[in-house]
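No value in this document is a laboratory result; all are computed from the given coordinates. If you're wondering where the values come from, they're calculated on a predicted model, not measured in any experiment. Here the Cβ is made from the backbone with ideal geometry for all residues, glycine too, and neighbour counts use every protein chain on show.
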Amino acid sequence: MHLDLDQNLVRKARELAKEITDDVQKFIDLRSTDSVERTVVRVYGIDGVDADGIPLPNSVVYDVKSRDGLKRGIAYWIANACVAKSMSPQEVAESVGKKEFSLVEIRPQKESIVAEKIDELTESSIKQLEKIKRERDEMLKELGDPNQPYIYVIVATGNIYEDVIQAKTAVSEGADIIAVIRSTAQSLLDFIPFGPTTEGYGGTYATQANFRIMRKALDEMAAKVGRYVRLTNYASGLCMPEISAIAAIEGLDMLLNDSMYGILFRNINMMRTFVDQHTSRLICAFSHITINTGEDNYIKTSDPIDRAHTVTTSQLINEQFALKAGMEPKYMGIGHAFEIDPDVENGLLYEIAHALLTRSLFPQATPKYMPPTRYMTGNIFKGYAQNTLYNLVSVMTGQSIHLLGMLTEAIHTPLVQDRYLAISNAKYVFRNAKALGEDVEFKKDGFVQEEARKVLENAVSLLEHIKSVGLMVSIEEGIFGDISRKIDEGKGADGVFVKGEDYYNPIIEKMEEIVRSGEL
Amino acid sequence: MIPNLDLRSIKPYGDQANDGMIQLSFTLPVPAGAKAREAAKTLIALMGFSDIQMVLSEDIGGDFTFFVVYAKTNKYVDYTSIKTLEVEIPKIVIEEINDKISKYLKRQVVIIGATIGSDAHTIGLDSILNMKGYHGDSGLERYKAFKVYNLGSQIPPLELVKKSREYKADVILVSQIVTQREIHIKQLTELVDILDAEKIRDKILLIVGGPRITHELAVELGYDAGFGAGTMPSDVAAYIADRILKKSS
């Protein structure tokens, strides 16, 4: 099925979104953040915690920041210490953690030798990441990419070992993607917890060790069921780029990653989020990690029909930010959701129009479709019916990444049978309606065509407005999700700084160079 | 009420009066098969059910078996002896609330709302507070009588109390949606403890809402009222207005 969209209007929408993000990118390019610097530290292989349990990447960055050295970028300080002390980055970090020395107080070594050290460290880190990416790509090719829509389920027990049991069960039933939802307060932590964890609320902490445990379990299952199984986590909140780094190191396939979600829904500082998302996406682009954008959230707080164009607008903005990070469209899981009030007459037609618009506007992308949550009640039987319609819209409009709705949504984290019932439902609908989308055309000037056209037109008007006042002012106006955030407010603002003249971030530069040159 | 019922011995009604029919679904962590089915039946019998019809026992992967069962209970309750605590909601509507508050209180009622602790879900809170409300029933922001501060999600109880001082709140509205291992109880209790410790509990009308909240539970935890599933913004508005007016007079 396809939409008769005015292609000139589509082009115009993209141009506007590009101009809007160009303006923001100027701010981004001048700045770095604590989290971006910790990302460099992690890519250099530094991991672990000090005696007080503080992650070493935090100790190292704090050491330099508190002595006013961070404007130069963390890489120089690590390399200088490695040369001066004849240590590896990890040994340097451990010494800093033990307060044996401060990186800023080490005598500057000969510049050319430090530069050589930076190159050496950077090259070996990048090589390692490339190796991991290659292995994932090869495994995907070997085992075969499952049919779309991919069946995506969440595990969220709080205990990574319990998560493994549930994830394996879900894979054996047909899940293609497992997302380990995070402990709900994690997005506001300005560090990544360390080690395997068995306690969490509403989810399981994202830690490098937990990533590794789940990756191994899913790879074992993939070999057993003979199809590739993707692993997802969340690169949002105060540690966006750092999470991307550990995801790249541990071979994750997907990350929830939105250019504005943290600002709107977690009250994280605007500049912090914009700067962090750029580095975060660069790593994803480099490591072939698919991002999932968060437009579904807008229509949880604002009306899904009246404000449908805000979803489209944000999708176009997210796409442009991803392109700026050198991301190929096939790694863009453009987000949207099935959230219309079930009491609305012709609600299904609206849902089809909106879903089809997303699919049509981003033909090369892998749209991420989200299930009903807002109007899920304690009536689990009705909820199951709502999810059936959601599954139908997804398969007929050709969505790519399909997060399954749970009949117990908004009651508790999914029970093992909830996930099973959801997978059965999706498999049933996907099989029964497989070719429906190819066989059906919507009437010219009919409900669906008209609604999609209207949403696109409204999106273009909104983009014009955003272009005229700027994205940051638009967010202050509360355009997205009916939530207003001020430019200079929000969490993590003190972690943003303007780069010094001698700032150097070799990891980012190298990744950019490789991504842009298409060497990958 | 259905005629000819003995209210002193009420049983579930499936197909006919007093048949005691209940539907159950659950999972056992054992592989599907005759042994799993027998284990499930035994378990249900131990719960006091009879006439057990196992309509589904299915392998759901990973050595788990899912069951759907119909069974009859021989237990009954004396409906006439049941006592519940329900929030008394007076029948006053938006215009009346606005009028009375401005006339008797002569200022706006300050309400702050949040989800506390680890709960990131603001759907319930927003439905009650946001202008738009829920299903055509306006949210508290729409009431001229109320000044609403929606703090959003994941607010630590201590922070919430700090804000309530800052805004001179009359009412604190807490929403708890998703919970695991009864964490919501811990967080709700913590809030009461802080208010008690700061000696401001009596000055605040403390309300909690959420799908798993009952008025009884709320009162037990030290709240003034608890609103469960199906609550409309106008219910909460009427309750608040009524209580504040009574308090001020």
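Separation of the range A:64-129 and the range B:1-20 by C-alpha centroid, Å?
Comparing the Cα centres of the range A:64-129 and the range B:1-20, I get a distance of 78 Å.
Would you please give the residues with an amide H less than 5 Å from that of B:Leu205, counting only those at least 5 places away or on a separate chain, with H modeled from the backbone geometry?
B:Val171, B:Ile172
How many partner chain Cβ atoms sit within 10 Å of a residue's Cβ in peptide B:62-70, on average, as a whole number?
Whole-number average of other-chain Cβ neighbours for B:62-70 is 4.
Counting other C-beta atoms within 10 Å, which of B:Asp126, A:Asp190, B:Asp193 has the fewest, and how do the rest follow?
In increasing order of surrounding Cβ atoms, one gets B:Asp193, A:Asp190, B:Asp126.
List every residue whose amide H lies under 5 Å from the amide H of B:Gly14, counting only residues 5 or more places away in sequence or on a different chain, with H placed 1.01 Å from N in the peptide plane.
B:Asp19, B:Gly20, B:Met21
List the lysines whose alpha-carbon lies under 25 Å from that of B:Lys199, not counting same-chain residues fewer than 8 positions away?
Cα-Cα hits under 25 Å: B:Lys147, B:Lys162, B:Lys163, B:Lys168, B:Lys186, B:Lys246, B:Lys247.
Ignore the peptide's own chain and count Cβ atoms of other chains within 10 Å of each Cβ in B:142-154; give me the average, rounded.
1
Anything in chain B that counts as a DSSP H helix reaching 20 Å or more along its axis (C-alpha) with Kyte-Doolittle mean of at least 0.5? List them, would you?
Taking the DSSP H segments of chain B (at least 20 Å long, mean hydropathy at least 0.5), we get B:183-197.
For A:Lys427, give me every one of the aspartates and glutamates with a C-alpha distance below 18 angstrom, ignoring sequence neighbours fewer than eight places off in its own chain.
A:Asp145, A:Glu173, A:Asp176, A:Asp418, B:Glu58, B:Asp59
Can you give the angle from 0 to 90° between the axis of helix A:160-173 and the longest principal axis of chain A, with both taken from C-alpha atoms, to the nearest 10?
40 degrees
What's the center-to-center distance, using Cα atoms, between the range B:166-234 and the range A:468-486 in Å?
32 Å
Taking every pair of alpha-carbon atoms in the protein assembly as shown, what share in percent sits in each 20 Å bin, from 0 to the bin with the longest distance?
Per 20 Å bin, starting at zero, the Cα-Cα P(r) for the protein assembly as shown comes out as 15, 46, 33, 6, 0 percent.
Starting with the highest mean, order B:143-151, B:1-9 by the number of other Cβ atoms within 10 Å, averaged over the residues of each peptide.
B:143-151, B:1-9
Provide A:Asp176, A:Asp119 in ascending order of the number of other Cβ atoms located within 10 Å of each residue's Cβ, fewest first.
Ranking A:Asp176, A:Asp119 by Cβ neighbours within 10 Å, fewest first, gives A:Asp119, A:Asp176.
Label points 7 Å out from Cα along the Cβ direction at A:Lys427 and A:Asn147: separation in nm?
Using points 7 Å along Cα→Cβ, the separation is 1.2 nm.
Within the range A:50-68, whose backbone N sits under 13 Å from a point 7 Å along Cα→Cβ of A:Glu105?
What the label zone holds, given the 13 Å backbone N cut-off, is A:63-64, A:67.
Nearest 10 degrees is fine. How inclined is helix A:308-324 to the longest principal axis of chain A, computing both from alpha carbons?
Approximately 30 degrees, to the nearest 10.
First measure r as the distance between the Cβ atoms of B:Glu166 and B:Asp78, then evaluate 1/(1 + (r/R0)^6) with R0 = 51 Å and state the FRET efficiency to the nearest 0.05.
Efficiency, from the Cβ-Cβ distance: 0.50.
In nanometres, what is the gap between the two model label sites at A:Asp343 and B:Leu24, each 7 Å from Cα along Cα-to-Cβ?
Reported label-point gap for A:Asp343 and B:Leu24 is 3.6 nm.
Would you compute, from DSSP H runs of 4+ residues alone, the mean residue ellipticity of the protein assembly as shown at 222 nm, taking -39500 (n - 2.57) per run and dividing by the full residue count, rounded to the nearest 500?
Computed mean residue ellipticity for the protein assembly as shown: -14500 deg cm²/dmol.
Run through the range B:71-120 and list the GluC sites (Glu not before Pro) located in a DSSP loop whose Cβ has at most 16 other Cβ atoms within 10 Å.
Taking the range B:71-120 and a limit of 16 other Cβ atoms within 10 Å, the loop GluC sites (Glu not before Pro) found are B:Glu86, B:Glu88.
Within the range B:201-219, whose backbone N sits under 12 Å from a point 7 Å along Cα→Cβ of B:Tyr104?
Within reach of a label on B:Tyr104: no residues.
Can you tell me the orientation of helix A:506-517 relative to chain A, as the angle in degrees between its alpha-carbon axis and the longest Cα principal axis, to the nearest 10?
Once rounded, the angle reads 50 degrees.
Can you put A:Arg272, A:Arg485, B:Arg201 in order, fewest other beta carbons within 10 Å first?
So the residues, fewest neighbours to most, are B:Arg201, A:Arg485, A:Arg272.
Could you work out the local net charge near A:Glu345, counting Lys and Arg as +1, Asp and Glu as -1, over the other residues with Cβ closer than 14 Å to its Cβ?
-4
Roughly how crowded by other chains is peptide A:413-423, in terms of the mean Cβ count from those chains within 10 Å of each of its Cβ atoms?
4
Taking every Cα atom in chain B, find the radius of gyration and the maximum pairwise distance Dmax, and write them in Å.
Rg then Dmax for chain B, in Å: 23.1, 72.
Using a basic spin-label model with each label point 7 Å from the Cα along Cα→Cβ, how many nm lie between A:Gln7 and B:Asn4?
Going from the A:Gln7 label point to the B:Asn4 one covers 7.4 nm.
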